């Protein structure tokens with residue numbers, strides 16, 4: 001889904017970028033390690049902050065990234081101009097434009113909770129990962145999404161949302177083995193999962 005004005009502003013500011021760099025990426029690296037080469041995909045790349053982190057801090061040799069919103073892709077193209085190892089396109093996480101077993105790692109910096117058919121997105125992530133490939137996911141859980149305050153400000157799908165346990169179950173059903181997990185206040189969660197070989 002396309003972000004509403006409030007969330008578009010929330011995702012396009014220095015605080016959000018700092019959180020990705022200094023909190024989310026740090027936990028992912030500590031618990032799941034760097035790639036040290038290989039090909040990565042970022043789903044819902046927004047303005048390209050995550051793709052830069054994946055290339056620099058996770059040391060991916062190549063980064064493909066897409067977003068449903070063409071405005072975000074335009075911002076990402078400006079931010080990542082000159083990086084030959086990054087490819088961007090407009091796309092949908094429930095129909096990823098990539099062959100089976102293409103990527104060594106896939107990154108989700110808070111995108112799947114925006115997708116009405118979130119289980120289909122997990123299945124697509126699993127499909128495009130190589131056997132043994134790693135999925136790094138940071139997600140917003142239903143206690144946050146369904147709270148009266150945030151429902152007024154943000155525009156998320158409200159049906160069939162997931163809590164921490166339900167997201168873990170979705171990962172398992174899609175074909176993943178969870179390597180690390182960290183829920184926070186029943187509102188947010190960080191996950192590292194490997195595609196079963």
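Side notes on the structure shown:
- Estimated at 0.36 nm per residue, the fully extended path between residue 36 and residue 101 surpasses their Cα-Cα distance by 21.6 nm.
- Each DSSP beta bridge with both residues in the chain is either parallel or antiparallel, and the antiparallel ones are about 45%.
- Which label in (i) 9, 38, 37, 15, 2; (ii) 8, 29, 30, 20, 10, 3, 0; (iii) 9, 39, 40, 11, 0 gives the computed P(r) over Cα pairs in 10 Å bins from 0, in percent: (iii)
- Peptide ranges 19-26, 36-43 listed from the most packed, as the mean C-beta count within 10 angstrom indicates: 36-43, 19-26
- Förster radius 22 Å - calculated FRET efficiency between residue 143 and residue 18, Cβ distance, rounded to 0.05: 0.35
- Order of 68, 95, 129, 141 under a 10 Å beta carbon neighbour criterion, fewest first: 95, 68, 141, 129
- Simple spin-label estimate for residue 160 and residue 196 in nanometres, 7 Å along Cα-Cβ: 2.2 nm
- Within the listed set 29, 122, 184, the residue fluctuating most in the Gaussian network model of the chain (springs between alpha-carbon atoms under 10 angstrom) is 184.
- Summary value for the chain: 19 percent relative contact order, contacts being C-alpha pairs under 8 angstrom separated by 6+ residues.
No lab work stands behind these numbers, since they all come straight from the coordinates. Since the model is a prediction, treat every value here as computed from it, not as a measurement. Heads up, the Cβs are rebuilt from the backbone with ideal geometry, glycines too, and the neighbour counts pull from every protein chain shown.
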